[in-house]
Structures are given as structure tokens and as C-alpha cells.
Amino acid sequence: MAIINHAERTICFKIVYYGPGVAGKTANLQYVYRCLPHAHRGTMISLATGDDRTIFFDFLPVTALTVRGFQTRFQLYTVPGQVHYNMTRRLVLRGVDGLVFVADSQWERLRDDVESFRNLEENLREYRTGLDEVPYVLQYNKRDLPNIAPVEYLEYLLNRRARRAPSFEAVATEGKGVFDTLNTIARMVLAGEFGSAAKGA
């Protein structure tokens, strides 16, 4: 849920990057962080294990444009990919305004993609919500690798809901598709939530 500060005329949205381990969630945030000017990004916090996988979350407050007199800010998080950190995944989802599901395009990771997507739906149900209510986009990452599934097959596996989500091919380590993904989910969140929030201001 968006956090509105009427005194400071700011509204803060939470976007969570979800997906299996080492699919590229952290790589997305790292690229965004490197590219944004200092005035438009906060401090990035990354907590990792010895093998450099995220345990808790990455947090990157991004300042966007002023809309209807409110300064909009986006807080970007990732969830840990490993199954045994599911409680942390669920906690990070609390109050989410928009989701980016990052899928690993490699054939051998498709089962992990599907299991992670189902896990996302299960964890959202804990908050009595779901993908029919929360704006989300899909990112098919690692498109530069040789053993990747066709986009059509990834769409068949992950994007068959009645409300099809926007999807993007990406190579997050090189920045390909990273801002297309972020800009789209940001626009969806603003379109879906900012209008009603601003009317109550």
C-alpha cells in the first residue's frame, strides 16, 4: 500500500522483484543503481551469503517525477530466491504496490521459474490479495545465454492468466530490458494507485 505524507507532499510506492535464485533480481537493481544520478537514488542495502545470493532484500529508494503536486518515490526490493527463506519473501511482500517477476530463461531453470511463480501466488494469498489485484510485469532474463527457451514457451508457462502481463526480454547484467521493465511497472503502479490516493489528499 502506498505511503502518503501530506505534510511533505510525497507518496511512496513499493516494488518487489520476485523470482528464483540467481535469476537476475539483484542484477536489475544494481544496474538501476549504477545508472541513476545521485540525486535520484538512495543508499542500496544488500545483504548476502557467502555465495553472493541475497538473503533479505535490496532496498533502493528511487525518486521519480512530481505528479499532481506529489513527489513520487519508489522503493525497490528483491526477495531471496532460496526456498528456505520463504518467510523473508513473505515479509518483503507486505504492502507491495507492484511486482516484477524475473524468470531465468535457461531450459534447466524453467521448473524453478514455475515453482517460484506459484510461491509468489501463495504468499500473496497470505495477504488476501493476488495477481489480479497487484500490478505486475514479467522479465525473461539471461537472453544472452545459449540454452534458452523461446519467449513463446516462457509466455505459455508464466503468462497465461486472463489478464496477461507485459513481458520483456532482458540481459540484466548488461542493462538490456532493465529500464523497460522498471518504467512499465512504475507507470502501471501510478495509473492504478496514484490517482485515487491523490484525490484523497
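The values are calculated or read from the model by the stated rules, or taken from the named source; none is laboratory data. This one's a predicted model, so the numbers in the text were calculated from it and none came from an experiment. For neighbour counting, all protein chains shown are included, and Cβ atoms are generated from backbone atoms with ideal geometry for every residue, glycine included. With ligands, DNA and RNA removed, areas are computed over all heavy atoms of the protein, side chains included. Shrake-Rupley method; radii C 1.70, N 1.55, O 1.52, S 1.80 Å.
Run the helix sum for the chain: -39,500 (n - 2.57) per DSSP H stretch of 4+ residues, divided by residue count, reported at 222 nm to the nearest 500 deg cm²/dmol. Mind dumping the intermediate values first?
Numbers: 6 runs with 60 residues, N = 201.
Computed mean residue ellipticity for the chain: -9000 deg cm²/dmol.
So what is the relative contact order of the range 96-151, in percent, for Cα pairs below 8 Å that sit 6 or more residues apart?
Details: 53 pairs, mean separation 32.5, N = 56.
It comes to 58 percent, rounded to a whole number.
Each of the peptides 176-184, 110-118, 33-41 was scored by the mean count of other Cβ atoms within 10 Å over its residues; in descending order, highest first, they stand as 176-184, 110-118, 33-41.
In the range 56-201, a dipole from Cβ-located charges (positive for Lys and Arg, negative for Asp and Glu) runs towards its positive end, and of Leu157, Val102, Gly130 it is Gly130 whose Cα lies farthest in that direction. Expressed as a whole percent, the accessible area of the chain that falls on carbon and sulfur atoms is 53 (1.4 Å probe).
Tyr77 contributes an accessible area of around 30 Å² to the protein surface, as traced by a 1.4 Å probe with all chains present.
Report, in debye and to the nearest 20, how large the dipole of the chain comes out about its Cα centre when Lys and Arg carry +1 and Asp and Glu carry -1 on their Cβ. Working shown, then result.
Details: 25 positive and 22 negative charges, 127 e Å.
Its charge dipole is roughly 620 debye.
Give me the percent relative contact order of the range 110-195, please, defined on Cα pairs under 8 angstrom at least 6 residues apart. Mind showing how you got there, number by number?
Working: 65 pairs, mean separation 26.6, N = 86.
Averaging sequence separation for qualifying contacts and normalising by length gives 31 percent for the range 110-195.
Summary value for the chain: 23 percent relative contact order, contacts being C-alpha pairs under 8 angstrom separated by 6+ residues. Amide hydrogen proximity for Gln75: with H placed 1.01 Å from N in the peptide plane, the residues at 5 or more positions away or on another chain lying under 5 Å are Phe13, Lys14, Ile15, Val62. Couplings 3J(HN,Hα) of the range 97-113, computed from phi: 9, x, 10, 10, 8, 9, 9, 7, 6, 5, 3, 6, 9, 5, 4, 4, 4 Hz, in residue order, whole Hz [Karplus 6.51 cos²θ - 1.76 cosθ + 1.60, θ = phi - 60°; x for Gly and Pro]. Each residue of the range 6-11 was assigned a 3J(HN,Hα) from its phi angle through the Karplus curve 6.51 cos²θ - 1.76 cosθ + 1.60 (θ = phi - 60°); the sequence is 5, 5, 8, 6, 10, 9 Hz, with glycine and proline shown as x.
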